[in-house]
1. What about residue A:28, is it touching a strand residue (DSSP E or B) at 6+ places or on another chain (Cβ under 9 Å), part of a strand (DSSP E or B) and at the interface with chain B (Cβ under 7 Å from one of its Cβ atoms)?
2. Is there a residue in the range B:47-54 that is away from chain A (no Cβ under 12 Å) and without any contact (Cβ under 8 Å) to a residue 12 or more places away in the chain?
3. Of all residues in the range B:137-152 being at pLDDT 85 or above and surrounded by fewer than 16 Cβ atoms within 10 Å (Cβ to Cβ), which is farthest from residue A:89 (Cα to Cα)?
4. Could you list, in sequence order, the residues of the range B:1-53 that are within 18 Å of residue B:84 (Cβ to Cβ) and assigned to a loop (DSSP other than H, G, I, E, B)?
5. Report yes if some residue within the range A:71-84 is touching a residue at least 60 places away in the same chain (Cβ under 8 Å), buried (at least 16 other Cβ atoms within 10 Å of the Cβ), more than 7 Å from every other protein chain (Cβ to nearest Cβ) and touching a helix residue (DSSP H, G or I) at 6+ places or on another chain (Cβ under 7 Å); otherwise report no.
6. Under 8 Å by Cβ, and 6 or more places apart or on different chains, what pairs join a residue from the range A:34-45 that is within 11 Å of chain B (Cβ to nearest Cβ) with one that is loosely packed, with under 14 Cβ neighbours inside 10 Å and assigned to a helix (DSSP H, G or I)?
7. Keeping to the range B:6-33, report how many residues are more than 10 Å from every other protein chain (Cβ to nearest Cβ) and either surrounded by 14 or more Cβ atoms within 10 Å (Cβ to Cβ) or in contact with a strand residue (DSSP E or B) (Cβ under 7 Å, 6 or more places away or on another chain) (or both).
8. Can you say whether residue B:85 is within 16 Å of residue B:150 (Cα to Cα), crowded, with 19+ Cβ neighbours inside 10 Å and within 7 Å of chain A (Cβ to nearest Cβ), as far as the supplied structure shows?
């Protein structure tokens, strides 16, 4: 499963820095390596996860929570399901990224 | 403003104040956004980042994208995220100049080849100026579309 994932995301996505998976409150790299300290990144990821859940709760029309993304300076962080992607925000094609991440999460 | 695909509604806000909203949930959305911005900015500072450029929350049906003073509610499946997150800004001056030059070149080539006004010149020299103008015009148009900026 992880191999398929690496293939999908690595080969076809320009601008992807690193793909990680949340396992037991820690971030495990699936491909690439994180430019940011992973210990600190966990907190941001938690905020994003909570934000997604809270958003769906408070704004009814969103429907069930899927994920959340944020752009800090030029680094894009996308959390969908238990996957975290770090990307070059200006280089990556966001439409493709969101589509592929959603597909990965549904299949995984 | 370009038409955004899958757009459901937009809310403009400043701080906690809603400036304009075409959604019923406008106020609730703005309140929620402000909390999130605060939290995210804290986390960003801790990680050593300078600027929060924006964020979006994906839901199964709708998604919320937050950018400078504005929140957009979009249909998750129909939205074009690339278009939503960023856009090319045009240098209007270059754009206008390029269009004018190409227009001039078209008129000149029309005069040179379909009317007798420039018969004094040989056929090839008649094409030099329009060709040059075409090139410069096209160059300007390419240069005009070169800055990618976050909409977020």
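The values are calculated or read from the model by the stated rules, or taken from the named source; none is laboratory data. Owing to the predicted nature of the structure, the values given are computational and were not obtained by experimental measurement. We place every Cβ from the backbone using ideal geometry, glycine too, and count neighbours over all the protein chains shown.
1. Working: touching a strand residue (DSSP E or B) at 6+ places or on another chain (Cβ under 9 Å): yes; part of a strand (DSSP E or B): yes; at the interface with chain B (Cβ under 7 Å from one of its Cβ atoms): no.
No: the conditions fail for residue A:28.
2. No - not one qualifying residue is present in the range B:47-54.
3. The qualifying residue farthest from residue A:89 (Cα to Cα) is B:138.
4. Result: B:1, B:2, B:3, B:4, B:5, B:6, B:22, B:23.
5. For the range A:71-84, residues touching a residue at least 60 places away in the same chain (Cβ under 8 Å), buried (at least 16 other Cβ atoms within 10 Å of the Cβ), more than 7 Å from every other protein chain (Cβ to nearest Cβ) and touching a helix residue (DSSP H, G or I) at 6+ places or on another chain (Cβ under 7 Å): present.
6. Partner pairs satisfying both residue conditions: A:40/B:46; A:43/B:46.
7. Looking only at that region, the number is 14.
8. Against the criterion (within 16 Å of residue B:150 (Cα to Cα), crowded, with 19+ Cβ neighbours inside 10 Å and within 7 Å of chain A (Cβ to nearest Cβ)), residue B:85 qualifies.
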